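The structure appears below as structure tokens.
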Amino acid sequence: LFRSKCTACNAIFSTVEAPNLAQAIVVRRKTHLEPFTRDILFMSIHDSLRHRKTAITDASALCDTVIALLPSLIVNGLIECNALTAVVTNTLDRFDKAAATSYRAFHP
């Protein structure tokens, strides 16, 4: 969250900065590339949180947390799948150990 000031009217407002991952490519295997999409990330996290009553809102918040950490993983527009999996696993591990275990089972 950043506070900014309009130079024309001097109004102060807040902005939210988010990384643009539209051009990022996930490297699944050396020969398989696919564009990064928030939806796929969200669904993989949501699947791990199905045991929680608040799975949808939790998955959305955790997805935003993971996305905020992704810019440091991007090298030449590519995100290694193993690095992405590690970030998701570490994030889930801090939030819900059972969800992290479930995620690890399907994303080795």
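Overview of values
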item	result
Cα long-axis angle, helix 38-48 against the chain (0 to 90 degrees, to the nearest 10)	50 degrees
Heavy-atom surface of the chain, accessible at 1.4 Å and reported per residue (Å²)	67 Å²
³J(HN,Hα), Karplus 6.51/-1.76/1.60, whole Hz, each residue of the stretch 9-14, x for Gly, Pro	10, 6, 6, 9, 9, 10
Which label in (i) 31, 16, 10; (ii) 29, 20, 10; (iii) 27, 17, 9 gives the computed semi-axes √(5λ) of the Cα gyration tensor in Å	(ii)
Residue-span extension gain [Phe106 to Ile56] - 0.36 nm each, minus C-alpha spacing	16.1 nm
Chain lengthening between Ser14 and Ser72 when straightened (0.36 nm per residue, less Cα-Cα)	18.4 nm
With every protein chain in place, the chain: carbon and sulfur % of accessible area (1.4 Å)	58 percent
Spin-label pair Glu34/Asp93, simplified geometry with 7 Å Cα→Cβ offset, distance in nm	2.5 nm
Over the chain, relative contact order from alpha-carbon pairs under 8 Å, at least 6 apart, %	22 percent
HN-Hα J in Hz across the stretch 87-101 - Karplus 6.51, -1.76, 1.60, θ = phi - 60°, x for Gly and Pro	5, 5, 4, 5, 5, 5, 4, 6, 8, 7, 4, 5, 5, 5, 5
For Ile25, distant residues with modelled amide H under 5 Å away	Phe36, Leu78, Ile79
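The values are calculated or read from the model by the stated rules, or taken from the named source; none is laboratory data. Computed from a prediction, not measured in an experiment: that's the story for all the values here. Using ideal geometry, Cβ is built from the backbone for each residue, glycine included, and neighbour counts are taken over all protein chains shown. Ligands, DNA and RNA are excluded from the accessible area calculation, which covers all protein heavy atoms including side chains. Shrake-Rupley method; radii C 1.70, N 1.55, O 1.52, S 1.80 Å.
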